[in-house]
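The values are calculated or read from the model by the stated rules, or taken from the named source; none is laboratory data. The structure presented is a predicted model; accordingly, all values stated were derived computationally and were not measured. Note that we place each Cβ from the backbone using ideal geometry, even for glycine, and neighbour counts take in every protein chain shown. For accessibility, only protein heavy atoms count, side chains too; no ligands or nucleic acids. Shrake-Rupley method; radii C 1.70, N 1.55, O 1.52, S 1.80 Å.
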Amino acid sequence: MRFVEELNPNGRVHPGYDRQLIPAEPMGAYERVRRLASGNAVVVFSLSGCCMCHVVKRLLLSLGVGPTIYELDEEKGGKEIQSVLYQLVGHTQQQPVPAVFVGGKFIGGLQTVMTLHINGTLVPLLKDAGALWL
């Protein structure tokens, strides 16, 4: 199976972000989201100009987590992934990005992550997923 680097295909690397190697062969959008989301302890699907996405990424980085970030506006097939994320959040008022996955499980967006952080359950969740060692 052939693999390609999909995160930051233009070669830019953001501090604290991991690159992810994924299969180059075509796959369904749902399967692609599942594989990407379970590829690392913490995965964030984002848009590069989204302020809510920026807040989630900064929070995770400030906690010492090095999330894998997929900027959907820079990803090949990003629109298809965004469609899957819309379906994942359902008919709520929640936007599809940022979409945060911890330990391969969908956690939610900014509101959910901030709620977990404020009530003290985010750090234990990150530890259980192997994203933090403190």
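Against the condition outside any strand (DSSP E or B), surrounded by fewer than 16 Cβ atoms within 10 Å (Cβ to Cβ) and without any contact (Cβ under 8 Å) to a residue 60 or more places away in the chain, how does Arg32 come out, does it pass?
no
Just need a number here: residues in segment 60-75 that are at pLDDT 90 or above and either over 16 Å from Leu132 (Cα atoms) or hydroxyl-bearing (Ser, Thr, Tyr) (or both). Break it down into steps so the answer makes sense when it comes.
Just the residues of segment 60-75 that are at pLDDT 90 or above, to begin with: 60-74.
From what is left, the residues that are either over 16 Å from Leu132 (Cα atoms) or hydroxyl-bearing (Ser, Thr, Tyr) (or both) are 62, 68-74.
The total comes to 8.
What number of residues within segment 92-134 satisfy the criterion of being farther than 20 Å from Gly64 by Cβ, in contact (Cβ under 8 Å) with a residue 60 or more places away in the chain and over 15 Å from the mean Cα position of the chain (by Cα)?
Residues in segment 92-134 being farther than 20 Å from Gly64 by Cβ, in contact (Cβ under 8 Å) with a residue 60 or more places away in the chain and over 15 Å from the mean Cα position of the chain (by Cα): 0 in total.
Which residues, counting only those in segment 42-51, are open to solvent by 30 Å² or more (accessible area, probe 1.4 Å) and of a type outside the set (Ser, Thr, Tyr)?
Taking segment 42-51 first, the residues open to solvent by 30 Å² or more (accessible area, probe 1.4 Å) are 47-49, 51.
Matches in segment 42-51: Leu47, Gly49, Cys51.
Just to be sure I understand the filter: pairs with C-beta atoms under 7 Å, separated by 6 or more residues or on different chains, first member in segment 67-91 and among the acidic types (Asp, Glu), second member surrounded by 15 or more Cβ atoms within 10 Å (Cβ to Cβ) and not in a loop (DSSP other than H, G, I, E, B). Which pairs pass?
Glu71/Ser46; Glu75/Ile81; Glu80/Ala29
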